[in-house]
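A.B. asks: One structure coming up, written as structure tokens, with questions to follow.
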Ligand code: FES
């Protein structure tokens, strides 16, 4: 049995955007950056709002409520007020192919 879940294809999540998925009762934000696609817990560690509703700037996802920027590669906030990292998940895809499947590996990487 595979522990990977297909979330769609690359063209479903345009470059510079994030999209929310609910998987096993957890909200996960999948972010498309120029470096690749990344997945992290879609819940700001400061005040429990969806990070996927924020802005993508390079490899950072900025919380829309108070502005903490989370590094999507590590889940670590790089500016206050959030100080606690969020969980991250492994994504396998080929961002140079719009039809490439987006595969999420279940289980956190951090
Ligand atoms: S809720 Fe995200 S920084 Fe405050």
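The values are calculated or read from the model by the stated rules, or taken from the named source; none is laboratory data. Quantities reported herein were computed from a predicted structural model and do not represent experimental measurements. All Cβ positions, glycine included, derive from the backbone under ideal geometry; neighbour counts span all protein chains shown.
A.B. asks: Residue 70 is checked against (1) modelled with pLDDT of 95 or more; (2) farther than 23 Å from residue 4 by Cβ; (3) out of contact with any helix residue (DSSP H, G or I) (no Cβ under 7 Å at 6 or more places or on another chain) and fails just one. What number does that condition carry?
C.D. replies: The number of the failed condition is (3).
A.B. asks: Taking residue 79, is it farther than 24 Å from residue 105 by Cα and either at pLDDT below 95 or touching a strand residue (DSSP E or B) at 6+ places or on another chain (Cβ under 6 Å) (or both)?
C.D. replies: Values: farther than 24 Å from residue 105 by Cα: yes; either at pLDDT below 95 or touching a strand residue (DSSP E or B) at 6+ places or on another chain (Cβ under 6 Å) (or both): yes.
For residue 79, the condition - farther than 24 Å from residue 105 by Cα and either at pLDDT below 95 or touching a strand residue (DSSP E or B) at 6+ places or on another chain (Cβ under 6 Å) (or both) - is met.
A.B. asks: Test each condition in (1) part of a strand (DSSP E or B); (2) surrounded by 14 or more Cβ atoms within 10 Å (Cβ to Cβ) for residue 49 and report the one that comes out false.
C.D. replies: The failed condition is (1).
A.B. asks: Hey, could you check region 55-68 for residues that are surrounded by 14 or more Cβ atoms within 10 Å (Cβ to Cβ) and under 17 Å from residue 34 (Cα atoms) and say which is nearest to the ligand (Cβ to nearest atom)?
C.D. replies: First, pick out the residues of region 55-68 that are surrounded by 14 or more Cβ atoms within 10 Å (Cβ to Cβ): 55-56, 59-68.
If we keep only those that are under 17 Å from residue 34 (Cα atoms) too, we end up with 55-56, 59-62.
Values: 55: 12, 56: 15, 59: 18, 60: 13, 61: 10, 62: 9 Å.
Taking the candidates together, the pick is 62.
A.B. asks: Hey, among 17, 93, 74, 33, which residue is buried (at least 17 other Cβ atoms within 10 Å of the Cβ), under 13 Å from the mean Cα position of the chain (by Cα) and either within 16 Å of the ligand (Cβ to nearest atom) or touching a residue at least 24 places away in the same chain (Cβ under 8 Å) (or both)? Show your work before the answer.
C.D. replies: Values: 17 fails: buried (at least 17 other Cβ atoms within 10 Å of the Cβ); 93 fails: under 13 Å from the mean Cα position of the chain (by Cα); 74 fails: buried (at least 17 other Cβ atoms within 10 Å of the Cβ).
Of 17, 93, 74, 33, the one residue that is buried (at least 17 other Cβ atoms within 10 Å of the Cβ), under 13 Å from the mean Cα position of the chain (by Cα) and either within 16 Å of the ligand (Cβ to nearest atom) or touching a residue at least 24 places away in the same chain (Cβ under 8 Å) (or both) is 33.
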